[in-house]
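> The structure that follows is given in the form of structure tokens.
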Amino acid sequence: MRASLIQISVDEGEPVDSRRRRVAALVREQSGADLVVLPELWTTGAFAFEEFGRAAEPLEGPTYEAMAKAASDAGVWLHAGSLPERDPDGTLYNTSLLFSPSGDLVAAYRKIHRFGFDKGEAVLMGAGRDLVTARLPETTLGLATCYDLRFPELFRGLVDAGAETLVIPAGWPERRRAHWTLLAKARAVENQAFVLACGTAGTHAGVPQAGHSIVVDPWGEVLAEAGPGEEVLTVDLDPAKVAATREQFPALKDRVLGLEPPRRPS
């Protein structure tokens, strides 16, 4: 399976419509890939909080339409990163979209863990509630977004639901790039799954982005890693390696579930 991660440069001054057309063209250039992955909130920038409300779209808005057509034109499975979605009730969500090679929407995932603590995304957007997987011909994807990477229980849930390849679009800041790489490797090793983590380049609202999109195999080996700028990272994966790894080193079978916290002394 050939995967292409498009590490988009998201910079102030480029109109959203222009970036949308540019990204669609980049997707079409990946016609030899099986799966193409875009980063988180590439229409606005993950730290451009003041833009979320102004740029929010209905699920089937202009980004949906452009990415569905790009997927169909290229004949690829397209994880279109995420966009600020405005639900009919007015709530905003950080929502990622997965399209089939025919341009049909196969899955949508609303980010569960919102970043910002008491500001930014954490207060401006609603929280998703559902784990989302999607079956491709070669593998089953588990969908997560950026800050989700810090919460291993989410990925355990995805693995329990059948995930073999974990796809993580992000807008990760440069100042915490070491965590980005470390956590991507950890999620791959502990779940014995491929990790495809696609970040952004450029600067979002004054916050330099980490770039360094990364592909990690089920043993934790880095198969490919981008640099800091805009780049297309393409790698060939062997989906059978997931089952082989889990059989050769069956750690997932030794999980002990339902542990109770220690009792306090009476």
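The values are calculated or read from the model by the stated rules, or taken from the named source; none is laboratory data. It should be emphasised that the depicted structure is a prediction, and the values quoted were computed from it without experimental measurement. Because the Cβ atoms are built from the backbone with ideal geometry, glycine has one as well, and the counts that use them run over all protein chains shown. SASA here: full protein model, heavy atoms, side chains in, ligands and nucleic acids out. Shrake-Rupley method; radii C 1.70, N 1.55, O 1.52, S 1.80 Å.
> Counting GluC sites (Glu not before Pro) as exposed when in a DSSP loop with at most 15 other beta carbons within 10 Å, what is the longest stretch of the chain free of them?
Values: sites that count: Glu12, Glu29, Glu60, Glu221.
Within the chain, the longest run free of exposed GluC sites (Glu not before Pro) spans 61-220.
> Straight-line reach from Lys69: which lysines fall under 25 Å, measuring Cα to Cα and dropping same-chain residues less than 8 apart?
Partners within reach: Lys111.
> Once the other residues with Cβ under 11 Å from the Cβ of Glu40 are scored (Lys, Arg +1; Asp, Glu -1), what is the net sum? Can you show the working numbers first?
Numbers: positive: Lys111; negative: Glu121, Asp148.
Taking every Cβ under 11 Å from that of Glu40, the sum is -1.
> Calculated from DSSP H runs of 4 or more alone, at -39500 (n - 2.57) each and per residue, what is the 222 nm mean residue ellipticity of the chain, nearest 500?
Details: 7 runs with 70 residues, N = 266.
When only DSSP H runs of four or more count, the value is -7500 deg cm²/dmol.
> At 1.4 Å probe size, with the rest of the protein present, what percent of the exposed accessible area of the chain is carbon and sulfur atoms?
On the way: 5970 of 11550 Å².
About 52 percent, which is the carbon plus sulfur part of the accessible surface.
> Kindly write out, for the stretch 56-72 in residue order, the coupling ³J(HN,Hα) from the Karplus curve 6.51 cos²θ - 1.76 cosθ + 1.60 (θ = phi - 60°), rounded to whole Hz, with x marking Gly and Pro.
The phi angles translate into 4, 10, x, 3, 9, x, x, 5, 3, 4, 5, 6, 4, 5, 5, 4, 5 Hz.
> Here is a follow-up. For the pair Asp17/Ala122, report the inter-label distance in nm, with labels modelled 7 Å from Cα in the Cβ direction.
It is 3.7 nm.
> Calculate the dipole size of the stretch 103-213 relative to its Cα centre from +1 charges on Lys and Arg beta carbons and -1 charges on Asp and Glu beta carbons; express the result in debye to the nearest 20. Before the final figure, lay out each step's value.
Values: 13 positive and 11 negative charges, 75 e Å.
Magnitude of the dipole: close to 360 debye.
> Dipole of the chain (Lys/Arg Cβ +1, Asp/Glu Cβ -1, origin at the Cα centre): which of Phe52, Gly162, Val37 lies farthest to the positive side?
Gly162
> Turning to a different aspect of this structure: Multiplying the sequence separation of Val222 and Phe151 by 0.36 nm and subtracting their Cα-Cα distance, what value in nm do you get?
Working: separation 71, 0.36 × 71 = 25.56 nm, distance 2.07 nm.
My answer for the length gained is 23.5 nm.
> Same structure again: Report the one residue of His79, Ala184, Pro239 whose Cα lies farthest in the direction of the positive end of the charge dipole of the chain (charges on C-beta: Lys and Arg +1, Asp and Glu -1; origin at the Cα centre).
Ala184
> Which residue, Asp148, Asp11, Asp254, tops the fluctuation ranking in a GNM of the chain built on C-alpha contacts under 10 Å?
In the Gaussian network model the winner is Asp254.
> Under unit Cβ charges (Lys, Arg +1; Asp, Glu -1), what dipole magnitude, rounded to 20 debye, does the chain have relative to its Cα centre? Can you show the working numbers first?
On the way: 28 positive and 37 negative charges, 143 e Å.
My answer is approximately 680 debye.
> Springs between alpha-carbon atoms under 10 Å, Gaussian network over the chain: tell me which of Gly202, Gly103, Gly53 tops the mean-square fluctuations.
Gly53
> When we measure straight from the Cα of Lys253, which lysines land under 23 angstrom away, once same-chain ones fewer than 8 places off are left out?
Leaving aside lysines fewer than 8 places away in the same chain, those within reach of Lys253 are Lys185, Lys241.
> Test of understanding: in a Gaussian network model of the chain with alpha carbons linked when under 10 Å, which of Ala201, Ala193, Ala108 would top the mean-square fluctuation ranking?
Residue with maximal mean-square fluctuation among Ala201, Ala193, Ala108: Ala108.
> Here's something else I'd like to know. For Lys253, Lys241, write out the residues from largest to smallest accessible area, computed with a 1.4 angstrom probe and no ligands counted. The partial results should precede the final answer.
On the way: Lys253 165, Lys241 65 Å².
Output order, biggest surface exposure first: Lys253, Lys241.
> Treat each spin label as a single point 7 Å out from the Cα along the C-beta direction, and report the Glu190 to Arg2 distance in nm.
Here the answer is 3.4 nm between the modelled labels.
> Modelling each spin label as a point 7 Å along the Cα-to-Cβ direction, I'd like the Arg176/Ala205 distance in nm, to one decimal.
1.5 nm
> Next question. With the other protein chains left in place, how much accessible area per residue, in square angstrom, belongs to the chain at a 1.4 angstrom probe? Let's see the in-between values first.
Values: 11550 Å² over 266 residues.
About 43 Å² of surface per residue is accessible.
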